[in-house]
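The block underneath contains the structure these notes are about, expressed in structure tokens.
The values are calculated or read from the model by the stated rules, or taken from the named source; none is laboratory data. Remember, predicted model here, so these are calculated numbers, not experimental data. Reconstructed Cβ throughout: ideal geometry from the backbone, glycine too, with neighbour counts over all protein chains shown. Please note that ligands, DNA and RNA were not included when accessible areas were found on the heavy atoms of the full protein model with its side chains. Shrake-Rupley method; radii C 1.70, N 1.55, O 1.52, S 1.80 Å.
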Amino acid sequence: MATHTWEQHDWPSSHEPLFGMHSRAIGLIPLDQQRLSVDIDRALTLPFNRGYSDFARGNPGWQNCVLMNNTGDPADQVFGGYDGAAMPTPLLHELPYFAELIRTTFKPDFLKWARIFLCEDGMLIPHRDYLDLPEDEFTRVHIALKLGAASLHSEEDRVFRMRQGEVWFIDGKVAHSAASYDGEPRIYLTCDFESGVAFEDLFVDPAYARDDIEPDFVQRPPLPDDFDTVIDGISALLDVDTLSDTIAVLSKMHYTHEADCADTYEWLIDAAVRSGDEQLITAAVERRSFFLGV
Ligand code: YCP
Ligand code: CO
């Protein structure tokens, strides 16, 4: 059977790896659990937008809610750069503790967007950020607020968990993904800053900045020996109408087995090539190009 060679990609990160990853914990902040839980309950009643639902799989999977942007209108949900200060949306006023966390954690100087990233019973499939934008880099930072043992992240061939209160820089130029399948909503406060600012300079209190937090890596077993047969099976099932479902199934593989999250699209293309169906091959290659830019 003709087999496609899985490509390994060398992504153009501006950050030297730390603990084996381009993404990293850059800080740790104290949280008032009582006030946090009040705001989380409130946040879950707010309208989340489905602006990036192409990237989401699940029920509902991944959604976001805009707390600060260039206009102060939460309906302006297409992420991008702009000049000037970030404006709070009315949704931020509903969440006084979240507002305080943003104000007391980060200097306002470089902040462009503040959003809630919610992941529930689903995932953000492997992708690279900023492919749809004229700017090719921002500094995306998550404050992990509510997460369970099943709230996972991946960067290339690493899978890790964030811990509550950790502040994480996510290197969007490198292939990455997130998942949460424990039935609980996973909630992060996500702030985007202009790029090029040293991580420690983002913080109001220099004591919040850290570079010594070892990630909580998830160890996984190797792919099954008969993985080639799995690709054959996927190939037999592949259909343009269910391509997104297949991507979701393949995306989940790297959370439970040693693999690179970007391999998802290599397996998809391999399965399409094995089907011999030109329409499927084209569609699979288009998906990789859309999500990874290669
Ligand atoms: C963003 N990019 O940059 C989105 C988030 C994945 C794709 C979800 O806002
Ligand atoms: Co991303």
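Let's see how each residue does on (1) buried (at least 17 other Cβ atoms within 10 Å of the Cβ); (2) of a type outside the set (S, T, N, Q); (3) under 24 Å from residue 250 (Cα atoms):
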residue: 19; (1), (2), (3): no, yes, no
residue: 24; (1), (2), (3): yes, yes, no
residue: 27; (1), (2), (3): yes, yes, no
residue: 45; (1), (2), (3): no, no, no
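Against the criterion of being assigned by TED's automatic domain parsing to the domain that holds residue 132 and open to solvent by 60 Å² or more (accessible area, probe 1.4 Å), residue 50 qualifies. Only one entry of 74, 96 meets the criterion of being out of contact with any Cys (no Cβ under 9 Å at 6 or more places or on another chain), open to solvent by 30 Å² or more (accessible area, probe 1.4 Å) and more than 16 Å from ligand 2 (Cβ to nearest atom), and that entry is 96. Going residue by residue through region 60-77, is there one that turns out to be modelled with pLDDT of 95 or more, within 15 Å of ligand 1 (Cβ to nearest atom) and of a type in the set (Asp, Glu)? Within region 60-77 (the criterion being modelled with pLDDT of 95 or more, within 15 Å of ligand 1 (Cβ to nearest atom) and of a type in the set (Asp, Glu)), the answer is yes, since at least one residue qualifies. Looking at region 223-236, can you tell me whether even one residue there is among the polar types (S, T, N, Q), out of contact with any Cys (no Cβ under 8 Å at 6 or more places or on another chain) and in a helix (DSSP H, G or I)? The answer is yes, given that some residue of region 223-236 is among the polar types (S, T, N, Q), out of contact with any Cys (no Cβ under 8 Å at 6 or more places or on another chain) and in a helix (DSSP H, G or I). When the residues of region 152-161 are filtered to those that are under 22 Å from residue 208 (Cβ atoms) and more than 14 Å from ligand 2 (Cβ to nearest atom), the one that is least open to solvent (accessible area, probe 1.4 Å) is 160.
Checked against the criterion of being in the same structural domain as residue 164 (by TED's automatic domain parsing), over 25 Å from residue 218 (Cβ atoms) and assigned to a loop (DSSP other than H, G, I, E, B), the candidates 77, 34 yield just one match: 77. Of everything in region 128-151 that is within 14 Å of ligand 2 (Cβ to nearest atom) and among the hydrophobic types (A, V, I, L, M, F, W, C), the residue that is modelled with the highest pLDDT is 141. Of all residues in region 100-114, exactly one satisfies the criterion of being part of a helix (DSSP H, G or I) and either of a type in the set (Lys, Arg) or within 16 Å of ligand 1 (Cβ to nearest atom) (or both), namely 103. Picking from residues in region 43-71 that are part of a loop (DSSP other than H, G, I, E, B) and away from ligand 2 (no atom under 14 Å from the Cβ), the one that is nearest to the chain's Cα centre (by Cα) is 50. Any residue that is at pLDDT below 95 and small (Gly, Ala, Ser) - is there at least one of those in region 37-57? Yes, region 37-57 contains a residue that is at pLDDT below 95 and small (Gly, Ala, Ser). The single residue among 132, 201, 136, 212 that is surrounded by fewer than 19 Cβ atoms within 10 Å (Cβ to Cβ), assigned to a helix (DSSP H, G or I) and in the same structural domain as residue 58 (by TED's automatic domain parsing) turns out to be 201.
Exactly one residue among 187, 231 is over 28 Å from residue 137 (Cβ atoms), open to solvent by less than 30 Å² (accessible area, probe 1.4 Å), in contact with a helix residue (DSSP H, G or I) (Cβ under 7 Å, 6 or more places away or on another chain) and modelled with pLDDT of 95 or more, and that residue is 231.
All of (1) touching a residue at least 40 places away in the same chain (Cβ under 8 Å); (2) touching a Gly at 6+ places or on another chain (Cβ under 7 Å); (3) open to solvent by 10 Å² or more (accessible area, probe 1.4 Å) hold for residue 182 with one exception: (1). Look at region 114-139: where a residue is of a type in the set (Val, Ile, Thr) and a partner is within 12 Å of ligand 2 (Cβ to nearest atom) and open to solvent by 30 Å² or more (accessible area, probe 1.4 Å), sitting 6+ places away or on another chain with Cβ atoms under 7 Å, you get 125/55.
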